[in-house]
Each structure stands twice: as C-alpha cells, then as structure tokens.
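Read the structure below first, then the notes.
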Amino acid sequence: MKETPLSNCERRFLLRAIEEKKRLDGRQTYDYRSIRISFGTDYGCCIVELGKTRVLGQVSCELVSPKLNRATEGILFFNLELSQMAAPAFEPSRQSDLLVKLNRLLERCLRNSKCIDTESLCVVAGEKVWQIRVDLHLLNHDGNIIDAASIAAIVALCHFRRPDVSVQGNEVTLYTPEERDPVPLSIHHMPICASFAFFQQGTYLLVDPNEREERVMDGLLVIAMNKHREICTIQSSGGIMLLKDQVLRCTKIAGVKVAEITELIQKALENDRKVRKEGGKCGFAESIANQRITAFKMEKAPIDTSDVGEKAEEIIAEAEPPSEVVCNPVLRTPGTAQVGEGIENSWGDLGDSEKEDEDGDSDEAAVLDGLKMDTGIEISNHGNQDAPIVLSDSEEEEMIILDPDKYMKKVRTQTISTKQAAVPSKRPTKKRKKKRAVD
C-alpha cells in the first residue's frame, strides 16, 4: 500500500509554520519529543517511545563458532524490522531502501564504534564465542525511526544478561540463571543518534522531525555521538549541500541532546535494577500509567470514616423538622375519596356534558323497554290463536308465517337450494386441490 501523499495546502502550511519557527506539536526548533523507556520481565527486552514512535528491542545470545579472521572475538548482529502494524506503507515481503539504510546506519553506529567489548564474548578461542543478536521491531511510526531504534538497541544491550559459563579442558558448562547469576555485557560507551532535518535548501533546521515534517524536508543529517562528545558516525542524505558552520552547529546541539538522553537511560536502568533487587513487580504491564482505561489497577484513595456518626447527628440536628400532615379522607361519592391537602378533588362531581350523556342514555333505555313490551304483547296475542310462529335465521327482516303447510314447503325449497349452492362451491375446491397435487 502506497503512502498517502501530502496535499499542496498541507505542504505550504508546514513550510510556512517552519519559517515562523513554529511546529505542529508545539515544540521549539531544538526540542526533542518526550522519551519513555519501559522494560519487560526478561533481561534485554525494552520498549522505547519517542513521542508516538515506538520501538521494541529484544536481545538474545547463543554459542557459535567464531569467524576465521577473528577467532577471539564475539559476533554482533543487528536486525530492524518495519511491519505494516507501524505504518501501512511498509511492505513486509521485501526489504525497502529505507530499511537497508537504517540497518547499515545502526551497524556503523553500534558495531563499528566498538561500544561493546567483543573479546569478552569469547569462550574458547577459535571454537566457541557468544553471538549477540539485537532484534528491533517498529511498533508505531511517527517519524525519526533511527533515533528511537538506536536508543532501544543500546538500552536493550545495557539491560541484557548472558548466562555464565565455565571451561574445564575441552568441556564448556553453561549455567542456568538459578545456578549462577547472569553476566552483563561489557559496554565501553553508549552511542546515540541525533537527527536534524533541513528545509528550504538548508535555510531552516529542526531537531527530531516527526513524520509530516520528514515528508517536506529537503535533507537529513544524522550524527551518532556519545556523552564524551565523540562522534561515532555521521551521515547526510537528501542531496543538499551543507556548510561547515551548519555541521558544527549540529554537532554542538547533538552533544547536549545525547548527554541528556544518556542520563535518562542510566536513571531508567538504575530504577529497574532496584525494583528487581527488592523483588518488586516488573514488566510492561507495570509500566502502564494508572487512571487510564488500559491500566490493570488503580490507586485506592483513603477515606476517614471515624467521625461519620457525629457528622450525621449534626446534620440531623441542623435540619428543619418535617411539617405535620394529617390525612383526612373526604368521601365524595361511593368509590371515590380525597386524601391529603390541596385543591379539592372533583372526581365525584359530574359535569354538564356527563349529565346530558346520562340523561340521553336513560331516555334510550326507556324507549327500548317500551319496544320490548309492545312486541311481547303482539306475540302473546298471536299466541292466543292456534297458529305456529316461526322466525327465519336469515339476516333479512323477521317474518311471521301463519300457514304451517306453506311454511314446510318453503323450508324444503330453501334447504334444497342451499344444498345445490353448497355442492358446486365444494367441487371446484376439490378440483383445485387435485390440480395442485398433480402439479
């Protein structure tokens, strides 16, 4: 996946801010981002955060045969990986030019500067030496990878402990950490890289550029130096021509920044050593700041509950007593009542509209009763005559049949007609069912 290019508006905005000596994150021209170092549970494992750029460092070792031309020296190997987790633009399948350049710069900074005594890694001359492997993984990319990687590499090497060995004749005995304490590496000095970005053909200078500033810069100068102001390596990229005064000014700034970072590293190593010596908890989980969503624990605030009863009594004494309320239920009509004080309830009183509705309902009821009485009288009068009275079940108007013979004929014709009407209505349904079954 290709990197999303900056728009012309963003580019002009960044360059204009740099011209006015302003940066997006509020830093000054020569300010570094905040550096945070945390250690894992094992020796040689650490995470370095330079702003939002995060690098994981892990050191491992094994006994191997030495090189033919250096039979008494150990082997140092550095490997930096740029994963897509750090930035979508990185491709894990192949090594990019940026990755090759960073690996070479790390080897020149740490291995060629002789910061580690490789002769102390020899166990048996010409047969067995220690191979120290430093693996660096970029977890998040927000600019200035080389500075964060160099700090993570030197911190992991200083924190690492190799197993102790003993040689008796041709036998090499390797001891576990439980049998003998691991041995730290012999480190002479701590070289650290400092990056300087140049803009407008070297007119403007920034220290520790972030990812957006790296996109608009014209050139980059990397100086590897230790706290003794000894230059271990220097590299310029971007194709810009720098003056001697510019390089000297960058070396002076690098000397100050490297001394501050070295002091920070030594303090972090000392704190971790004290925690492990006292038997306290250590690891990445313990380094997470409290009072955050990602924290595993929170500090408990102490609460004094000794004088809770006295305070409660004082509050009750100062409070106003409640007003006495006597509930006198008032019976308005059967089934309704008023409880408490306030406006009188009017549930029992009927309104004018309700009274009119009740009067109308009573009139309708009286009319219906009169109709029922009239019909009862007529039926009884007809019942005095010896003629049968049959009421049809149809939805039409009620009929009174006086002749029984005619009535029987009509009932038969009605039943025959209803059967004939019902039969054809059932047949098509049977045919449809058969057709559906055939289909």
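A compact table of results
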item	result
Within segment 219-244, tally of residues that are within 40 Å of the chain's Cα centre (by Cα), part of a loop (DSSP other than H, G, I, E, B) and at pLDDT below 90	1
Residues that are closer than 17 Å to Ala259 by Cβ and either small (Gly, Ala, Ser) or at pLDDT below 90 (or both), drawn from segment 172-218	Ala194, Ser195
Pair list, Cβ < 8 Å and 6+ apart or interchain, from segment 199-217 residues that are within 18 Å of Lys52 (Cβ to Cβ) to residues that are of a type in the set (Ser, Thr, Tyr)	Leu206/Thr29; Val207/Thr29; Val207/Tyr30; Val207/Tyr32; Val207/Ser195; Asp208/Tyr32; Asp208/Ser195; Pro209/Ser195
Failed item, numbered, when Tyr32 is tested on (1) out of contact with any Ser or Thr (no Cβ under 7 Å at 6 or more places or on another chain); (2) open to solvent by less than 50 Å² (accessible area, probe 1.4 Å); (3) over 24 Å from Asn140 (Cα atoms)	(3)
Leu98 vs. criteria closer than 26 Å to Phe39 by Cβ and either in contact with a strand residue (DSSP E or B) (Cβ under 6 Å, 6 or more places away or on another chain) or part of a helix (DSSP H, G or I) (or both)	no
Segment 1-29: number of residues that are in contact with a helix residue (DSSP H, G or I) (Cβ under 6 Å, 6 or more places away or on another chain) and either among the β-branched types (Val, Ile, Thr) or part of a loop (DSSP other than H, G, I, E, B) (or both)	1
Members of segment 178-212 that are closer than 17 Å to Phe13 by Cα and in contact with a Cys (Cβ under 8 Å, 6 or more places away or on another chain)	Leu205
Members of segment 138-195 found to be part of a helix (DSSP H, G or I) and open to solvent by 20 Å² or more (accessible area, probe 1.4 Å), listed by number	Cys158
Check on Ser120, over 12 Å from Glu49 (Cα atoms) and open to solvent by 40 Å² or more (accessible area, probe 1.4 Å)	yes
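To keep it simple, each residue is scored yes or no on (1) touching a residue at least 40 places away in the same chain (Cβ under 8 Å); (2) open to solvent by 70 Å² or more (accessible area, probe 1.4 Å); (3) closer than 20 Å to Leu269 by Cβ.
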position	(1), (2), (3)
Gly44	yes, no, yes
Leu50	yes, no, yes
Arg54	yes, yes, yes
Gly57	yes, no, yes
Val64	yes, no, no
Glu73	yes, no, no
Leu82	yes, no, no
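The values are calculated or read from the model by the stated rules, or taken from the named source; none is laboratory data. Given the structure is predicted, the values throughout are model-derived calculations rather than measurements. So basically every Cβ, Gly included, is an ideal-geometry build from the backbone, and we count neighbours across all protein chains shown. The area values use the complete protein model at the heavy-atom level, side chains included, leaving out ligands, DNA and RNA. Shrake-Rupley method; radii C 1.70, N 1.55, O 1.52, S 1.80 Å.
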